[in-house]
Structure formats: C-alpha cells, structure tokens
Amino acid sequence: MAPTARNDITTRAYFDAATAAPLHPVARQALSAALDDGWADPGRLYTEARRAAQLLDAAREAIAECLNTRPDEVAFCASGSHAAQLAIDGVRDARTAVGALAVHSAIEHSSVLRAAHRGPSRQVAVDRFGHVDMDALAAAVAEPAVAVAAVQSANHEVGTRQPIAAVAAACHAAHVPLYVDAAQTVPWEPLPAGWSLASASAVKWGGPAGVGVLAVRKGTRWARPWPIDRTDPWTVPLPLVVAAAAALRSVRVDAATESARLSGLVARIRAEVAATVPDVEVVGDPVDRVPHIVTFSCLYADGEALLHALDRNGFAVSSGSACTASTLQPSHVLAAMGVLTHGNIRVSLHPGVRDDDVTRFLAVLPKVVADLRAEAGVADL
C-alpha cells in the first residue's frame, strides 16, 4: 500500500487514525473519476442515471465483499454515527411488540450510547481491560422486553476486542438481535460472525468523510426509515461512496502485512512508554486488541496540555474521551474500566505511519511529560 499523504512529512506525524485516517490515494483517484460519471440520480432511468446506478452497485458489491456479507444487506448513510442511530432506532421500531430495551456495554461509542438512551436501556459493565462482563450480558439479554443488544467489535479508545462470538451466542439464545459497531475492525478484517446489524465509517479506513455503512442481515426485524423504492436513506453523495469502496478494497489488500507491522509498533509504544515515563498506566488488553490503537494515562499531567505539547512537537494525538473530546469531560470508557482517566493520550496509527515516526515520538514523550509535571509543581515523583 502506498503511504498516505500527510502535511509536512519531515516534521509531522498523524497519530489519530481511530478518529479519521488520512484520505487514501486510491480514494482520491476514485473520487475524481466518479465526479465525472457519478453525479446523476441513480434512481432515474436515463443514460446518465443508469451509469450512476452501475457505480453505486459496484461500490455496494465491493463493500459487501470486504464485509463478507451480501450486497443487498448493505446500505450507505451519512456517517458511522448516523448508521448507529439507524440501526438501533430501526430495530426498536420493528420490535415494538417485544419491547424497546437496548442492552449495551458501558464503553460503546458515544453515538451508540445516544441512540440507546433515546429509549429504555441497560448498561453492562466491563473489566479493567475493557472486556464486557459476559455473565451480566447474558442475564441482561435474557430479560423480557429487550429489543436489541449493542456490543462493539473493538473499543475505539483502548483497542480492546470484544468476545463477539460469545456475545452473539448469548443473544441468539435469547432471540435478541445483535448490533455490532465494527468501525475499528473493518479496515483490517471482515465482520465477526453472529451479527444481525453492523456499522462502519469510511473515514476509519482512508475513505472520505460523509459515508457510513449500515449492514442489516436478512431476516432481521428492522424498520426501514426511508421509502422502500429507494436503496439508501436520503441522498448520499455517490462519488464519495465510490471513493470509500475503492479505499477499503485497497486497504484490505495489504491488511495482514500492515496489521502485523502496526501491531509491532503499538507493542513497542506500550513497552517503552511504561519503561521511560514514570507514573504512567498503559490501558486496554495487551494482546487481544486491534493492531493500531494504544492508550496510556500519565499521572500529574493534564491531558489537554499533553495534546498541545505533543502537537507543538509535531505529533497529532487524541486526549480525553476520544469521541467527546470537545466536552473536556473524563472518558466514559476509561471511567467504566476503572483505570486512570487523568493525562490520557490515545495514539492510533495508519498505514502511512513510518517506524521512525514512532521512534521520534518515544524520544520526545518523556521530556514533554516531565516538563508539564514540572510546570504543575510535581516534578519530583
């Protein structure tokens, strides 16, 4: 895979791929081509529209192949957050005779939590690594009036994978559909088995912003929120969908190689941060995790100040709650895990990251943390 473009490559390193990966070169090329042929309404019957419909069908088939599902189970929407809302609202609307309770893990993405909390909901705890409590989950989905269970394939802040096979088995036994937010795993692998609904976001794999993917397994009771004669909700820009599909297909070609490389870099970060930065807690499962995310918390160092200091040194990282950083509130994910929430930094790598970017980061980090602690008057740890 060709390295992804980034600004000022000699001094800057972008380490926030879990939020949005840089636009993949293949996506840029596909977008340019689709702007010429994909501007018409694919629902019409004239020549330009039929050409656009062919592009839409091809994009849907490419996405479905990468997800290991059927093309007619795939729909496009405005974002991964939008897909989460459609998934949960649609199941609730379709299963009103059963109930409206949404069971979810305590560390779901904020968009999933917002959708779940639009009606009655039940939260299931996680352990210090971020794994959902399977006994509690099985008991929760077995209760009456459960419309849907929501458990992500891997956590967006700490990278911990969830035991989706076991979750799916518990949901199947209780006759409850399982919604999986697969945003952090889709760039690397097909959807895990056992899902009824699943979602992803193109920005996570180097596609353009404005494209979310919602997959609904055949046989799942789900209320379609758009007219039956339209394939997608509202109007999704077709050129963006084409670019998203091209990027995912390209990323998957080298997924195994890049997964191994980035996993090695993450393991290096985990080990060296723990060894070189005093009073630091590296969080998340050290083994059963996605390859590109590592999170650590530094005692006596403000997370926002760390973010700005690292940015001045050429590193773009996340701090605080990865999905609600603008609120400046402690991460609900870290709080639910019972780990340190203060001075939190998330590093998430994309295929364009070079090994020497990580080397420079590990060289800079200890001094940045030490300087911030000295400014706060807690240098002698």
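The values are calculated or read from the model by the stated rules, or taken from the named source; none is laboratory data. A quick note: this is a predicted structure, and the numbers were derived from the prediction, not measured. Note: ideal-geometry Cβ built from the backbone for every residue, glycine included; neighbour counts use all protein chains shown. In case anyone asks, the SASA skips ligands and DNA or RNA and just uses the protein heavy atoms, side chains included. Shrake-Rupley method; radii C 1.70, N 1.55, O 1.52, S 1.80 Å.
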Taking A84 as the residue in question, decide whether it is under 16 Å from the mean Cα position of the chain (by Cα) and crowded, with 22+ Cβ neighbours inside 10 Å.
yes
Flagged pairs (Cβ under 8 angstrom, 6 or more apart or on separate chains; first in segment 115-142, over 11 Å from A170 (Cβ atoms); second among the aromatic types (F, W, Y)) are none
Mind checking which residues of segment 149-207 are assigned to a loop (DSSP other than H, G, I, E, B), open to solvent by 10 Å² or more (accessible area, probe 1.4 Å) and either at positive phi or free of Cβ contacts under 8 Å to residues at least 24 places away in the same chain (or both)?
H175, G194
Could you tell me whether R28 is within 19 Å of W195 (Cα to Cα), modelled with pLDDT of 95 or more and open to solvent by 20 Å² or more (accessible area, probe 1.4 Å)?
no
Kindly provide the set of residues from segment 340-350 that are modelled with pLDDT of 95 or more and either open to solvent by 20 Å² or more (accessible area, probe 1.4 Å) or among the small types (G, A, S) (or both), ordered by number.
S348
Restricting attention to segment 221-236, does a residue exist that is at negative phi and outside any loop (DSSP other than H, G, I, E, B)?
no
Could you grab the pairs with beta carbons closer than 6 Å, sequence gap of 6+ or different chains, first residue in segment 276-291 and farther than 18 Å from S153 by Cβ, second one open to solvent by 40 Å² or more (accessible area, probe 1.4 Å)?
P278/L381; D279/L299; D279/L381; E281/L340; V282/A274
If you check A182 against the conditions, is it in contact with a Ser or Thr (Cβ under 6 Å, 6 or more places away or on another chain) and closer than 14 Å to V333 by Cβ?
no
Pair list, Cβ under 6 Å, 6 or more apart: segment 236-258 residue at pLDDT below 95, other residue among the aromatic types (F, W, Y) and not in a helix (DSSP H, G or I):
V236/F76
Find the residue count for segment 108-122, including only residues that are crowded, with 18+ Cβ neighbours inside 10 Å and out of contact with any Leu (no Cβ under 9 Å at 6 or more places or on another chain).
6
Check segment 195-211 and report whether any residue there is among the β-branched types (V, I, T) and under 22 Å from the mean Cα position of the chain (by Cα).
yes
Quickly run through segment 335-348 and pick out the residues that are more than 15 Å from D302 (Cβ to Cβ) and not in a strand (DSSP E or B).
A335, A336, M337, G338, V339
